[in-house]
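The values are calculated or read from the model by the stated rules, or taken from the named source; none is laboratory data. Computed from a predicted structure; not experimentally measured. Here the Cβ positions follow ideal geometry from the backbone for every residue, glycine too, while neighbour counts run over all protein chains shown.
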Amino acid sequence: MKRKISALLAADIVKYSKLVADDEEQTVRRLAAYRAAFEEATSRLGGRIVNMVGDAVLAEFPSSVDAVRCAVEIQEAARLRNQDFPADRRMHLRIGVTLADILDQDGELFGDGVNIAARLESLAPPGGICVSQTVREQAAGKLALEFEDIGQQRVKNLPSPIRAFVIAPQGEEGAGFRKAWAIRKGRLLAGAAALAVAFAASIAAVQLRDAAQAPRQAGVVASLASQPDSPQFAARFDAAKVRALAKNQSIPLPRNLRTLLPAPNVPAKLANYLGAWGSDRRWNDRGRQAILIVESIDDAGTALGFYAHGVPLVTNETTQNSARFVPFAATVSDKGLHFVWGQSKYTFMLMPDGSMWGQQDATNEKGHFDLSIVLDRIE
């Protein structure tokens, strides 16, 4: 395992699930063409594809400038391809780029940078690119691009927000974004002024309250303090139970465990994938036990979370210290949740009873393996 500084590019296709539902064969063919374009541009500009899961792509570059240049080339290629299709069949990409200190273990990347790249991608408008402040500073003087400052943005599991900048799409989409952003900034300024007035009024009201209400107020404050940090967080599982199971099975987990409320337009059948699953079962008789945690799902059907497993029941020199967890950016659809880790492809399907059926399609030097497991929801 080695630590290094890399530029990370995360991308996905807006409303990919709908495109598949409307015309599956055409969409899959076009997705293959997009993947080929990504692979060609990434390789030519000195980067590498870390993984491709459904319509999601994660790529790594030694240079922030080359990562942004790749993102711009891909968006321009997508814009030209879309000219041959009606508006409701166009494939719009969203791309996020950040520069991060990450860990590389056998080609797999670990660290907050992966999470940040995915978050920036979700902030990008259809056909656009969203970058971190560091990437903007490195690319601004070298590429003829306009960066729109969209301010501080929260990233899950990070205590401090990050500042983000958008490279607006070209053509009509770009004009629409600039107009919408100008309106939004005006509303934000007006809202800030209104909040200032309301805050001043609330302070005055608090000062005039009867002192006899103090004990009851103290109880209210204590109740609020016991709630999650923000109303956007949803208690979809009991973190103590998850950690107890992980400890019993010697499975490592990230420091913070929580789920986010899904966007209002995420269908309930997909939102139900939020949560945690685990059990005493293994991938096979002598295999590993596993825990799956899905923390967030956006309106494009992209899920962020962690997959973790322990060591096999029968170990050797290679596997005796192989318990670990990995963050994933997966696609979620009617066909389940899909992501790739190393040489294995994972599919998890939510069952009617709330359990999660998992399939692992793995290939290594010993051959090809098709394994399955059933995990129980942890509540």
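Listed here are the residues, each with its yes/no results for (1) in the same structural domain as residue 338 (by TED's automatic domain parsing); (2) among the charged types (D, E, K, R); (3) in contact with a Ser or Thr (Cβ under 9 Å, 6 or more places away or on another chain); (4) not in a helix (DSSP H, G or I).
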| residue | (1), (2), (3), (4) |
| --- | --- |
| 8 | no, no, yes, yes |
| 26 | no, no, no, no |
| 29 | no, yes, no, no |
| 33 | no, no, no, no |
| 38 | no, no, no, no |
| 50 | no, no, no, yes |
I need the full set of residues from the range 290-328 which are among the polar types (S, T, N, Q), out of contact with any Asp or Glu (no Cβ under 7 Å at 6 or more places or on another chain) and buried (at least 16 other Cβ atoms within 10 Å of the Cβ), in order please.
296
Subset of the range 56-67, residues under 16 Å from residue 119 (Cα atoms) and either modelled with pLDDT under 90 or not in a strand (DSSP E or B) (or both), comes to 56
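From the list 116, 95, 102, 49, pick out the single residue that is of a type outside the set (D, E, K, R) and farther than 27 Å from residue 18 by Cα.
On the way: 116 fails: farther than 27 Å from residue 18 by Cα; 95 fails: farther than 27 Å from residue 18 by Cα; 49 fails: farther than 27 Å from residue 18 by Cα.
Criteria check complete, one pass: 102.
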Residue list for the range 121-159, restricted to those being among the basic types (Lys, Arg), surrounded by fewer than 16 Cβ atoms within 10 Å (Cβ to Cβ) and either touching a strand residue (DSSP E or B) at 6+ places or on another chain (Cβ under 6 Å) or farther than 21 Å from residue 5 by Cβ (or both):
154
Residue ranges of strands (runs of 3 or more DSSP E) in the range 261-379 with at least 2 members out of contact with any Leu (no Cβ under 7 Å at 6 or more places or on another chain) and at pLDDT below 90
302-309, 324-333, 336-341, 344-350, 356-364, 367-377
Output the qualifying pairs, or none if there are none: Cβ atoms under 6 angstrom, residues six or more apart or on different chains, first residue in the range 88-109 and more than 20 Å from residue 122 (Cα to Cα), second residue buried (at least 21 other Cβ atoms within 10 Å of the Cβ) and not basic (Lys, Arg).
102/6; 102/109; 102/113
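Give 137, 73 a once-over and let me know the one that is charged (D, E, K, R), part of a helix (DSSP H, G or I), modelled with pLDDT of 90 or more and touching a helix residue (DSSP H, G or I) at 6+ places or on another chain (Cβ under 7 Å). Write out each step before concluding.
Numbers: 137 fails: touching a helix residue (DSSP H, G or I) at 6+ places or on another chain (Cβ under 7 Å).
One residue alone meets the criteria, 73.
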Report the residue count in the range 292-341 for those that are under 21 Å from residue 57 (Cα atoms), touching a residue at least 60 places away in the same chain (Cβ under 8 Å) and not aliphatic (A, V, I, L, M).
15
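Looking only at residues that are in a helix (DSSP H, G or I) and of a type in the set (D, E, K, R) in the range 77-120, which one is surrounded by the most Cβ atoms within 10 Å (Cβ to Cβ)? Explain how you work it out, then say what you get.
At the first step, the residues of the range 77-120 found to be in a helix (DSSP H, G or I) are 77-82, 87-89, 112-120.
This time we only want the ones that are of a type in the set (D, E, K, R), so: 79, 81, 88-89, 112, 119.
Details: 79: 18, 81: 15, 88: 9, 89: 14, 112: 17, 119: 26.
My answer is 119.
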For residue 169, the lone unmet condition from (1) at pLDDT below 90; (2) out of contact with any Gly (no Cβ under 6 Å at 6 or more places or on another chain); (3) more than 17 Å from residue 49 (Cα to Cα) is (2)
